[in-house]
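Below: the structure, in structure tokens.
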Amino acid sequence: MERREAGLLTYAEVRELARLEVEGHYAPASLDECLPTALGNALRAAEAAPRERYGLEAVICWPRLWLLLPKDARETLAEARRVLDLRVELWAWGLLSLLWAFLWPWAAFLSLLWMTLAYALALDAARVYADLFQSAFDLYRWSLYEAVRWEKPTQSGDAEIALGQRLSEFLWRGTSEAPLTYRQD
């Protein structure tokens, strides 16, 4: 870290550090949450980020937040998801084309080449979708608090995480550890 701050890193070290930072961004913080593929890890990291940053469980809060997003944000997210789904479908077609390898041996080579390319494209799409998903929570989580008439967190960090956990619990089970205080309009 000291060498980095002092500007003493070589070009190769700067590139390696940048590569590791990108990989770290698209990987879950906990080894328990890691999946076998980089694509799965990118999506899992995006799902875990709202919980780690704000205490909001993405699986619980996302359907509700989605309804509150501005039209432009929903359209951008929907398009990114459509591209991701299409690229995963292209990979699956490559997998299915492996069946032709019994009749034509070159089909295996072409299928594997196709699958490699489709996976790289799907990974890029997953990363775009993951960034947009995280951004939706970063920018619009306040809309969720307003929609359920809860007071917004007044501090970031542990206080916001605790309130986000309570909100997630309330949305999932209708319960909360502490008494609820609704914001008055």
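E79 - would you say it is free of Cβ contacts under 8 Å to residues at least 40 places away in the same chain and under 19 Å from Q134 (Cβ atoms)?
Against the criterion (free of Cβ contacts under 8 Å to residues at least 40 places away in the same chain and under 19 Å from Q134 (Cβ atoms)), E79 qualifies.
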Selection within segment 87-106 - free of Cβ contacts under 8 Å to residues at least 12 places away in the same chain and either in a helix (DSSP H, G or I) or surrounded by 14 or more Cβ atoms within 10 Å (Cβ to Cβ) (or both): E89, A92, L96, L99, W100, A101, F102, W106
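Which count do you get for residues in segment 52-77 that are surrounded by 13 or more Cβ atoms within 10 Å (Cβ to Cβ) and part of a helix (DSSP H, G or I)? Break it down into steps so the answer makes sense when it comes.
Here is the first cut: in segment 52-77, the residues surrounded by 13 or more Cβ atoms within 10 Å (Cβ to Cβ) are 52-58, 60-62, 64-66, 68-69, 73-74, 76-77.
From what is left, the residues that are part of a helix (DSSP H, G or I) are 52-54, 58, 60-62, 64-66, 68, 73-74, 76-77.
Summing the residues that are surrounded by 13 or more Cβ atoms within 10 Å (Cβ to Cβ) and part of a helix (DSSP H, G or I) in segment 52-77 gives 15.
A quick yes/no check of all residues on (1) surrounded by 18 or more Cβ atoms within 10 Å (Cβ to Cβ); (2) outside any helix (DSSP H, G or I); (3) more than 12 Å from the chain's Cα centre (by Cα):
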residue	(1), (2), (3)
M115	yes, no, yes
A118	yes, no, yes
A122	yes, no, yes
R127	yes, no, no
A130	yes, no, no
A136	yes, no, no
R141	yes, no, yes
L144	yes, no, yes
S156	no, yes, yes
Residue list for segment 12-36, restricted to those being over 26 Å from the mean Cα position of the chain (by Cα) and at pLDDT below 80: E13
Pairs, first under 15 Å from L171 (Cα atoms) in segment 148-159, second of a type in the set (D, E), C-beta under 9 Å, six or more apart: R149/D185
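The values are calculated or read from the model by the stated rules, or taken from the named source; none is laboratory data. As the structure is a computational prediction, the values presented were derived from the model and not from experiment. Reconstructed Cβ throughout: ideal geometry from the backbone, glycine too, with neighbour counts over all protein chains shown.
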